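The values are calculated or read from the model by the stated rules, or taken from the named source; none is laboratory data. Treat the numbers as computed from the prediction; the structure is a model and nothing was measured. Quick reminder, even Gly has a Cβ in these numbers, built from the backbone with ideal geometry, and neighbours come from all protein chains shown.
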Amino acid sequence: MSGGATTTLARAWAVSRRDGMVLGFTDHDAVLRFDRIAFRPDGGLTAKAVVQGLGLAVDNTEAQGILSDDAITEADLRAGRWDGAEVRLWEVDWQRPEDRQLLFRGGLGEVTRADGAFRAELRGLAEALNLPLGRVYHPRCSARLGDGQCRADLTRPGYRVEGVLAAVEDGVRFTLPDVQGYDLGWFEGGVLTVLDGVAEGLEGAIKQDRQEGSLRKIELWAEMGLAPAPGDRVRLTAGCDKRAATCRLKFGNFLNFRGFPHLPPEDWLISPQNGGAR
């Protein structure tokens, strides 16, 4: 920053969603432009002081603002479309936007809403270092179905099916006609993905899957941020209970099984004949 810029400083925020949408905000009274982003003063976004630590301490702060139809909407927040969004904060000379300093870079954490406003926790880049690493020795698989460790191809015929919702109850129970030819419980542990409507792009974990005549009944573990409506198109993806037999028989993927199915159970390890306590 130049020496005479102390009275012309403003803050500018860029918030980037995972789908590529980028919004810019500033506490200045006019639009600022740099990095091909227009930072608007009408978004109602403000922030508390940034807390920064040395070493691996997690930087943290908090942003709050007014819900705006043309910026951060309550529907998008409820749908989780801002979860994990990247956040950058600059201190900038509004007379010379090229004269700026990056103060913070991280992502959005927990978001709360009340009385037409939102409050979002900001988490620094070091937050990722809090994640556990390493493998867990367990008879069941530790991979997520279809990820880089599992490698199961869920696009193969029989593992996905699309249909149109005939009924929605309490935001967790769904009825689909003409989804037949799948074993009972085939989609339990899988995912329901909404393909259109107000909840487009949202996903829910499937708790129960059953067939009643020509109707497929699906129940989720929890409501999605926005409830789909009858007539919306959804996709059902098969689920896995992490057992070795399921991996081998249902998905034909035992070579990539990430569990230890032959690991002795605890009662075997502590039994007297195997050297346990006497």
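Just one of the numbered conditions (1) surrounded by fewer than 19 Cβ atoms within 10 Å (Cβ to Cβ); (2) without any contact (Cβ under 8 Å) to a residue 60 or more places away in the chain is not true of Asn256: (2). Of everything listed in (1) over 30 Å from His262 (Cα atoms); (2) surrounded by fewer than 19 Cβ atoms within 10 Å (Cβ to Cβ), the single unmet condition for Arg100 is (2). When the criteria are applied in full, Asp183 fails the requirement of being more than 26 Å from Arg17 (Cα to Cα) and within 24 Å of the chain's Cα centre (by Cα). On inspection, Arg123 passes the criterion of being modelled with pLDDT under 85 and within 17 Å of the chain's Cα centre (by Cα). A search for C-beta distances below 6 Å between a residue of region 158-174 that is under 13 Å from Val191 (Cα atoms) and any residue that is assigned to a loop (DSSP other than H, G, I, E, B) and of a type in the set (D, E, K, R), counting only pairs 6+ apart in sequence or on different chains, returns Val172/Glu223. Suppose we keep only residues that are of a type in the set (D, E, K, R) and assigned to a loop (DSSP other than H, G, I, E, B) within region 171-186. Which one would you say is farthest from Pro230 (Cα to Cα)? Ranking the candidates gives Asp183 first.
Among the residues of region 123-141, at least one is assigned to a loop (DSSP other than H, G, I, E, B), in contact with a Pro (Cβ under 6 Å, 6 or more places away or on another chain), closer than 30 Å to Arg258 by Cβ and not assigned by TED's automatic domain parsing to the domain that holds Gly20.
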